[in-house]
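A quick write-up on the structure given underneath.
All of the numbers you see were taken from the coordinates with simple rules; none came from a lab. Owing to the predicted nature of the structure, the values given are computational and were not obtained by experimental measurement. With ideal geometry, Cβ positions are generated from the backbone for all residues, glycine too; neighbour counts draw on all protein chains shown.
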């Protein structure tokens, strides 16, 4: 490994340690690196991140450094109850968002929430929709295209503003399937 590659690897190890990533593998040409950060005390024979960094930065005249170096975890700083609660809430939100269905734009155009100016929106958050029910209109080349729901459920959120341009694949709504 040349000095630039060693520096890059040291920075990667520090980033992974700070990010509390449990396992990481990298394969670049003939170089293969697999790192596993453990959550418990390191068994005998394991390397901690500072030892790995020192090994990588030292000149290695004829010394072979193994491609797989299991690492002991860095001791995390004590967390406050507020941080723990915020992390728990964020995890719950992420889990809920994973169950939501995202309705995406099938075409490029301008998003409209209602059939005409001044009319009420096709749907709003909290409404229940059925498969095939119109959700909005996307105007493309002076043609008004009704976008229908692909799934039955409750509209959780509208993700674009009325009159906003949208691209193919842009998320329009999130729906909690029923």
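Residues of the range 107-136 being outside any loop (DSSP other than H, G, I, E, B) and more than 17 Å from residue 175 (Cα to Cα), which ones?
Answer for the range 107-136, where residues must be outside any loop (DSSP other than H, G, I, E, B) and more than 17 Å from residue 175 (Cα to Cα): 109, 110, 111, 112.
With the condition kept exactly as written, say whether any residue in the range 133-150 is over 21 Å from residue 107 (Cα atoms), free of Cβ contacts under 8 Å to residues at least 60 places away in the same chain and surrounded by 15 or more Cβ atoms within 10 Å (Cβ to Cβ). The answer is no; no qualifying residue exists. Candidates are the residues of the range 17-28 that are more than 16 Å from the chain's Cα centre (by Cα) and part of a helix (DSSP H, G or I); the one that is surrounded by the fewest Cβ atoms within 10 Å (Cβ to Cβ) is 18.
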